[in-house]
Amino acid sequence: MTDDTQKTTHFGFTDIPETEKAGRVQGVFNSVASKYDVMNDAMSLGIHRVWKDAMMDWLAPRPGQRLLDVAGGTGDISFRFLKRAGHGHATVLDLTEPMLVEGRKRADAAAMAEQLDWVVGDAMALPFPDNTFDVYTISFGIRNVTRPQEALNEAFRVLKPGGRLMVLEFSQIPNDMMQKAYDLYSFNIIPRMGQMIAGDRDSYQYLVESIRKFPDQETFLGMVRAAGFENAKYRNLSMGIACLHSGWKI
């Protein structure tokens, strides 16, 4: 007998039971973990590095701050944060342990070992007390969360008063012709790159589809505010291909 009231969500363009999404997302990132950083460079022609630097510019890390980097995977954001801060502490949390394993292998991780923790965990149920962190970041990860609003609510909970949220995510280009051109590239080229570089076309097909299912800039801004964040704003990057959302726990 099936439960007709079972909630559904999207996995790319496919509707699935909410209870299945986390496992499917884990499957995607288990598959691509060893080639994740290489694929980021290939897919974006290296521009993801510029976006992450823009994130740090707006965030302006300060010495001694404690960062929680959710869906932090291979540690890219945490390494940038610690270098900018000079000294501090970063906790990298990810649902997929192989991503964290790849992060620990990086030279940056060895140099900053005393400043880093690596934790397997769920963005919707963070294993930390209230009011723990100065900064919460999530980079290209929140669209993979089953219920993004719950992740934002959890971000608000674990941040200290005066703490900062910053979300970097793919978004929507506010120009129909440019969006169509971007779609042609995304749907025709990126899955082929996934097959050639990571040996996995399906995972990158999902990643492209998941971008199209994610809320646009204004809708997501409303979700940030609904979680309790104030002075919430966003900045488009590369004409809206990516977007930074910022908010404060006041």
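The values are calculated or read from the model by the stated rules, or taken from the named source; none is laboratory data. None of the values given here were measured: they were computed from a predicted structure. Cβ atoms come from the backbone with ideal geometry, glycine included; neighbour counts cover every protein chain shown.
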Quickly run through region 36-48 and pick out the residues that are among the aliphatic types (A, V, I, L, M) and assigned to a loop (DSSP other than H, G, I, E, B). Leu45
Candidate set from region 110-144 (those that are in contact with a helix residue (DSSP H, G or I) (Cβ under 6 Å, 6 or more places away or on another chain) and modelled with pLDDT under 95); member that is nearest to Ile211 (Cα to Cα): Arg143
Single residue of region 199-221 satisfying the filter (β-branched (Val, Ile, Thr) and crowded, with 19+ Cβ neighbours inside 10 Å) that is farthest from Ser139 (Cα to Cα): Val208
Output for Cβ contacts, cut-off 9 Å, separation at least six or different chains, first residue of a type in the set (S, T, N, Q) in region 224-236, second not in a strand (DSSP E or B), reads Asn231/Ile250; Asn236/Ser171; Asn236/Ile173; Asn236/Pro174; Asn236/Gln217
For region 144-163, pairs from a residue that is touching a residue at least 12 places away in the same chain (Cβ under 8 Å) and over 11 Å from Trp248 (Cα atoms) to a residue that is part of a helix (DSSP H, G or I) and of a type outside the set (A, V, I, L, M), with Cβ under 7 Å and 6 or more apart or across chains, are Asn144/Ser210; Thr146/Glu18; Thr146/Lys21
Could you tell me which of the residues Ser78, Ser34 is modelled with pLDDT under 90 and out of contact with any Ser or Thr (no Cβ under 6 Å at 6 or more places or on another chain)? Ser34
Taking region 176-186 and keeping only residues that are surrounded by 14 or more Cβ atoms within 10 Å (Cβ to Cβ) and without any contact (Cβ under 8 Å) to a residue 40 or more places away in the chain, one is left with Gln179, Asp183, Ser186
Provide a single number: the residues in region 196-212 that are polar (S, T, N, Q) and either under 18 Å from Pro148 (Cα atoms) or at pLDDT 90 or above (or both). 2
Using the structure shown, decide if Trp51 is of a type in the set (Phe, Trp, Tyr), crowded, with 17+ Cβ neighbours inside 10 Å and either at negative phi or part of a helix (DSSP H, G or I) (or both). yes
Checking the structure you have, find out if any residue of region 178-199 is outside any helix (DSSP H, G or I), touching a Ser or Thr at 6+ places or on another chain (Cβ under 9 Å) and on the phi > 0 side of the Ramachandran plot. yes
Given region 61-175, what helices (runs of 4 or more DSSP H) lie entirely inside it while holding 2 or more residues that are buried (at least 24 other Cβ atoms within 10 Å of the Cβ)? 76-85, 97-105, 148-158
Among the residues of region 170-215, the number that are touching a strand residue (DSSP E or B) at 6+ places or on another chain (Cβ under 6 Å), under 17 Å from His48 (Cα atoms) and not hydrophobic (A, V, I, L, M, F, W, C) is 1
State all residues of region 27-42 that are aliphatic (A, V, I, L, M) and over 16 Å from the mean Cα position of the chain (by Cα); if no residue qualifies, say none. Val38, Ala42
